[in-house]
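The values are calculated or read from the model by the stated rules, or taken from the named source; none is laboratory data. No experiment lies behind these values; they were computed from the predicted model shown. FYI the Cβ positions are ideal-geometry reconstructions off the backbone, even for glycines, and counts take in every protein chain you see.
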Amino acid sequence: MKKILVTGSAGLVGSEVCVYFAEKGYEIHGVDNNQRAVFFGPQGDTIWNRDRLINTVKNYKHHEIDIRDRAAVLYLVKSIGPDAIVHAAAQPSHDRAAAIPFDDFDTNAVGTLNMLEAVRQFAPESPFIFLSTNKVYGDAPNKIKLKELETRWDYDDDFYAHGIAETFTIDQSKHSLFGASKVAADVMVQEYGRYFNMHTCCLRGGCLTGPNHTGVELHGFLSYLVKCNLEGKKYSVFGYKGKQVRDNIHSYDIVRFMDLFINTPRQGEVYNLGGGKNNTCSIWEAFSITEKFSGKAQIYDYVDKNREGDHICYYSDLRKMKTHYPSWDITVSLEETIKQIVESWKKRI
């Protein structure tokens, strides 16, 4: 039986990976110590998702390990000998990082190095997939010429008609401390691929979402927005007239791509992983779609100051992914994704 090691297994993407590969007959080893609750408080707690995996996923084995614990990580990888690794554990908020810079860097950068070195020593042939972020580009996308439409911003430059490609600069911009720690990890994952000839890839995610997301104000845009709608809680819109645009990708489509990479891996690759232009929405547009499925009006206030380093408009150019893996495409629409998130939160709150 093949084995897959998944860090951040109780998170959105990690849990989707566990379920997906269990159904394919893998032995699943999940690593998660509920650090999200430490970063974000009780509202970030993922114990519910961990317990769901333990109770419902066949051949799931849970490991309560902190990826900052180098000795524990080395021992774990050595003892398991995984056939594939998905590294999704992270401090995921660029707002939160400023208050906890050591925790942020130690988790995102050093934790990733711990994982890479453990895999290099004990499973060097196994594909290593890293959940990076579009924040590695900092606020450089804000320098692209934009046009203001009724409910959103969009690029006003034909060069970016398909979105941001992997060749876009990551230099000379404001990233947030979170973005900087993820840059360090991202480059290290590439380097292990190129220097040690390992099968690694960085997935520079846009808005990764889905029904099993434990969204909070500082991370998890759509999930948190839906939760606020259903609870009748005020949602704060931060700057850019509420017209800031994101591409949203369902966790299922993320994992489908991972499966293809694991089966036909490459060395030191980078992919911009998002929903693409067809799965974009602004905050106002997200309100409208959510209200359609919840039947409740969104309560909000507007703060005339954007978050530091935040993108005005960002969506991923998916052409490289589709060229390297032509059988992959987006299968879950934005509306279906939001519908699933609404249904999931109704069961949890």
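Could you list, in sequence order, all residues of the range 106-115 that are buried (at least 24 other Cβ atoms within 10 Å of the Cβ) and either of a type in the set (A, V, I, L, M, F, W, C) or in a loop (DSSP other than H, G, I, E, B) (or both)? Hit for the range 106-115 is Met115, nothing else.
If you filter the range 272-326 down to residues that are of a type in the set (Gly, Ala, Ser) and assigned to a helix (DSSP H, G or I), you find that the one that is surrounded by the fewest Cβ atoms within 10 Å (Cβ to Cβ) is Ser288.
To keep it simple, each residue is scored yes or no on (1) in contact with a strand residue (DSSP E or B) (Cβ under 8 Å, 6 or more places away or on another chain); (2) farther than 15 Å from Gly205 by Cβ; (3) among the polar types (S, T, N, Q); (4) crowded, with 19+ Cβ neighbours inside 10 Å.
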{"position": "Ser126", "(1), (2), (3), (4)": "yes, yes, yes, yes"}
{"position": "Leu131", "(1), (2), (3), (4)": "yes, no, no, yes"}
{"position": "Lys135", "(1), (2), (3), (4)": "no, no, no, yes"}
{"position": "Lys143", "(1), (2), (3), (4)": "no, yes, no, no"}
{"position": "Arg152", "(1), (2), (3), (4)": "yes, yes, no, yes"}
{"position": "Asp157", "(1), (2), (3), (4)": "no, yes, no, no"}
{"position": "His162", "(1), (2), (3), (4)": "no, yes, no, no"}
{"position": "Thr167", "(1), (2), (3), (4)": "no, yes, yes, no"}
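Candidates in the range 208-226 are the residues that are touching a strand residue (DSSP E or B) at 6+ places or on another chain (Cβ under 9 Å) and in a helix (DSSP H, G or I); of these, the one that is modelled with the highest pLDDT is Leu225. Output yes when any residue across the range 137-157 is β-branched (Val, Ile, Thr) and either part of a helix (DSSP H, G or I) or modelled with pLDDT under 95 (or both), and no when none is. The answer is no, given that none of the residues of the range 137-157 is β-branched (Val, Ile, Thr) and either part of a helix (DSSP H, G or I) or modelled with pLDDT under 95 (or both). Return yes or no: is Val38 surrounded by fewer than 16 Cβ atoms within 10 Å (Cβ to Cβ), β-branched (Val, Ile, Thr) and under 19 Å from the mean Cα position of the chain (by Cα)? In short, yes.
Looking across the range 53-76, the residues that are in contact with a strand residue (DSSP E or B) (Cβ under 7 Å, 6 or more places away or on another chain), in contact (Cβ under 8 Å) with a residue 24 or more places away in the chain and either closer than 20 Å to Gly41 by Cα or assigned to a helix (DSSP H, G or I) (or both) come down to Leu53, Ile65, Ile67, Leu76. Please go through (1) out of contact with any helix residue (DSSP H, G or I) (no Cβ under 9 Å at 6 or more places or on another chain); (2) more than 30 Å from Ala98 (Cβ to Cβ) for Phe257 and return the number of the only condition it doesn't satisfy. Exception for Phe257: condition (1).
Within the range 243-268, if we keep just the residues that are charged (D, E, K, R) and in a strand (DSSP E or B), the residue that is nearest to Arg307 (Cα to Cα) turns out to be Arg246.
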